[in-house]
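Peer 1: Before anything else, here's the structure in question.
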Amino acid sequence: MTPTRSGDPGEGAASGAARSGDPGEGAASGPTRNGDPGEGTASAAWELLLPAASAPARTRGRSLQAALREAVRSGRLAPGTRLPSSRDLAADLGVSRGLVTEAYEQLTAEGYLRSGRGSGTWVGAAVRAAQPRAHDLAPRSPGARADFVPGTPDLALFPRAAWAAAHRGVLADLPHQELGYPDPRGLPRLRTALAELLARRRGVVADPERIVVVSGVAQATTLLGFVLHARGVRTVGVEDPGSPQHDALYASAGVTVVPLPVDDEGVALEPLRASGVRAVVTTPAHQFPTGIAYSARRRAELLDWARSVDGIVLEDDYDGDFRYDRAPVGALQGLDPDHVAYTGSVSKSLAPGLRLGWMLVPESWAQEVVERKRTMDLGHPSLDQALFARFLERGDYDRQLRRCQRAYRDRRDALVAALDTHFPGSKVSGIAAGLHVIATLPRRYGPEERFLARVAAAGVAVRPLSAFAHTPAEPEGAGEVRLVLGYAHVPPARIAAGLRLMAEATSG
């Protein structure tokens, strides 16, 4: 059939012959738009309906509705386009007229189409064309020839075979009732396994009743921020330099961060006392980003401060498992579990995309944190929790930590050696631990702005130490370049190649 114009004697009065090469006579009917023929739009739009017309009989109606709905959403059928009569479209598609009538009625009820007595069926004006595709906003360094941005583990080390085996085992054994809403603290099985792990590896006082399973340290931070706000606390101290994420996370809970300088032993005590805060965020095992470990004296002083103000230390143990020159220093929480809230995750040991972490809170905080977690998301996904519990119980997580420990130690050694080769005279500061080093380059490579511009132009992704400062500071010396170089995600051969590329870009 041919499309009709508004005012023509009758809909479908004349049928057009099939064109040479068309699949069959009357294979596609054309709509009209505002009275004008729409053959180009028609052929494209009706092609979308043909597969639906050949769908199995029991699903043909739903398939036709879905195809017609998508044609409108995508803009293939534009607003104001007049559709063929139900009789004509049914004949063209080779389906019953009732199927088309039902599709028209359903989409009219949903607002995709509009119709009036004696005026036919038209595409409605309320629909907006869908976006052509989803965009990926994941943080990456696109197009980098060498990437030394800190904070990323080697995702190629993810234990796929062991994880898949644990997944199959959990699916086979998980009781049906555990697929319901979980305890907002987490499955008892996982909290018990975590308590054993944390007591054994990190020296924490681990009561399973005070462990809360969360979607990474970011959610733990936000939860603690909400509880602080509910208790009337409006400010929290943060290490400076430190993680830039704290500002936004605490702000989302209505809490303002107060930057506190870090010295060679940890967060400086005099500025902390003078700030008036009663909560402070710390990374005592391996300060991010300076790479120091809090001294025993500073740890004791920090806890004395917390007791004196009835405050709390928020301990982020983000990479405390990875120490290469000696056994890791135990967590601060083990010294005073009533004044320390401890947080950790699998983001550096397995993968950040798992969104799986934990926090251990003081007993006086437990009820408030749990209730806030309940209202936030009704609990962490049960299947993921059961899977990780099995992974812990079978020793797979300990094996993964040992595997990462070996790989990251070798890569740190490779980075230090490459710095000696390509940037002679460089100094590496901080303890031998974690996933990054602080490298201070000789003054001849400065000033820092020019250095960064050159390496960026060469396709090398790096971050200066100044990028992690909460408050701007004067450079310690003219021409000094201090970099935070991540190495865990870079194989040794690529570390050497990347440092060579960086040296070539900045020489002369």
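Peer 1: Give segment 172-185 a look and list any residue that's of a type outside the set (Asp, Glu) and either open to solvent by less than 70 Å² (accessible area, probe 1.4 Å) or in contact (Cβ under 8 Å) with a residue 24 or more places away in the chain (or both), or say none.
Peer 2: Leu174, Pro175, Leu179, Gly180, Tyr181, Pro182, Pro184, Arg185
Peer 1: Exactly one of these conditions fails for Asp136: (1) open to solvent by 80 Å² or more (accessible area, probe 1.4 Å); (2) assigned to a helix (DSSP H, G or I); (3) closer than 30 Å to Gly486 by Cβ. Give me its number.
Peer 2: Failed condition: (2).
Peer 1: Can I ask one more? Need pairs with beta-carbon distance below 8 Å; first residue over 29 Å from Asp319 (Cβ atoms) and within segment 434-447, second modelled with pLDDT of 90 or more; sequence gap 6+ or separate chains.
Peer 2: Listed pairs, sorted by first residue: Gly446/Val481; Pro447/Val481.
Peer 1: Just for segment 301-328: of the residues that are of a type outside the set (S, T, N, Q) and without any contact (Cβ under 8 Å) to a residue 24 or more places away in the chain, which one is nearest to Thr221 (Cα to Cα)?
Peer 2: Going through the qualifying residues, I end up with Asp304.
Peer 1: For segment 147-167, state whether one or more residues are of a type in the set (Phe, Trp, Tyr), within 30 Å of Gln405 (Cβ to Cβ), in a helix (DSSP H, G or I) and open to solvent by 20 Å² or more (accessible area, probe 1.4 Å).
Peer 2: yes
Peer 1: Can you find, within segment 362-395, the residue that is farthest from Tyr408 (Cα to Cα) among those that are of a type in the set (S, T, N, Q) and buried (at least 20 other Cβ atoms within 10 Å of the Cβ)?
Peer 2: It comes out as Ser382.
Peer 1: Of everything in segment 440-455, what is surrounded by fewer than 18 Cβ atoms within 10 Å (Cβ to Cβ), of a type outside the set (A, V, I, L, M, F, W, C) and not in a loop (DSSP other than H, G, I, E, B)? Give them in sequence order.
Peer 2: Within segment 440-455, Arg443, Arg444, Glu449, Arg450, Arg454 meet the criteria.
Peer 1: Run Val213 past the list (1) closer than 30 Å to Leu465 by Cβ; (2) touching a His at 6+ places or on another chain (Cβ under 8 Å); (3) at pLDDT 95 or above and report the number of the one that doesn't hold.
Peer 2: (1)
Peer 1: Between residues in segment 409-425 that are more than 26 Å from Pro328 (Cβ to Cβ) and residues that are surrounded by fewer than 15 Cβ atoms within 10 Å (Cβ to Cβ) and not hydrophobic (A, V, I, L, M, F, W, C), which pairs lie under 6 Å by C-beta distance while being six or more apart or on different chains?
Peer 2: Going by the 6 Å Cβ cut-off, the qualifying pairs are His422/Arg500; Gly425/Pro442.
Peer 1: Do the conditions hold for Phe322, that is, is it touching a strand residue (DSSP E or B) at 6+ places or on another chain (Cβ under 9 Å), open to solvent by less than 30 Å² (accessible area, probe 1.4 Å) and among the aromatic types (Phe, Trp, Tyr)? Step through it out loud before you land on a result.
Peer 2: Details: touching a strand residue (DSSP E or B) at 6+ places or on another chain (Cβ under 9 Å): yes; open to solvent by less than 30 Å² (accessible area, probe 1.4 Å): yes; among the aromatic types (Phe, Trp, Tyr): yes.
Yes; evaluated as a whole, the condition is true for this residue.
Peer 1: Show the residue pairs that are 6+ apart or on different chains and have beta-carbon atoms under 7 Å apart, the first residue being within segment 369-380 and among the basic types (Lys, Arg), the second being surrounded by 14 or more Cβ atoms within 10 Å (Cβ to Cβ).
Peer 2: Cβ pairs passing all conditions: Arg372/Leu223; Arg372/Phe226; Arg372/Val227; Lys373/Pro184; Lys373/Val212; Lys373/Leu223; Arg374/Pro184.
Peer 1: Which ones in segment 293-308 are surrounded by fewer than 21 Cβ atoms within 10 Å (Cβ to Cβ) and either at positive phi or in a loop (DSSP other than H, G, I, E, B) (or both)?
Peer 2: Of everything in segment 293-308, just one residue is surrounded by fewer than 21 Cβ atoms within 10 Å (Cβ to Cβ) and either at positive phi or in a loop (DSSP other than H, G, I, E, B) (or both), namely Ser295.
Peer 1: Same structure, new question: Name, by its number, the condition in (1) open to solvent by less than 20 Å² (accessible area, probe 1.4 Å); (2) in a helix (DSSP H, G or I) that does not hold for Arg412.
Peer 2: Every condition holds for Arg412 apart from (1).
Peer 1: Return yes when Ala496 is hydrophobic (A, V, I, L, M, F, W, C), surrounded by fewer than 16 Cβ atoms within 10 Å (Cβ to Cβ) and assigned to a helix (DSSP H, G or I) and no when it is not.
Peer 2: Taking the combined requirement at face value, the residue does not satisfy it.
Peer 1: Kindly indicate the residue of segment 187-204 that is in contact with a helix residue (DSSP H, G or I) (Cβ under 6 Å, 6 or more places away or on another chain) and of a type outside the set (A, V, I, L, M) and also least open to solvent (accessible area, probe 1.4 Å) among those meeting that condition.
Peer 2: Ranking the qualifying residues of segment 187-204, first place goes to Arg191.
Peer 1: Is it true that Met359 is open to solvent by less than 40 Å² (accessible area, probe 1.4 Å), farther than 21 Å from Arg323 by Cα and not in a loop (DSSP other than H, G, I, E, B)?
Peer 2: Yes, satisfied.
The values are calculated or read from the model by the stated rules, or taken from the named source; none is laboratory data. Worth saying up front: this structure is predicted, and the values here are computed from it rather than measured. Note: ideal-geometry Cβ built from the backbone for every residue, glycine included; neighbour counts use all protein chains shown. The accessibility values were calculated without ligands, DNA or RNA, using every heavy atom of the protein model including side chains. Shrake-Rupley method; radii C 1.70, N 1.55, O 1.52, S 1.80 Å.
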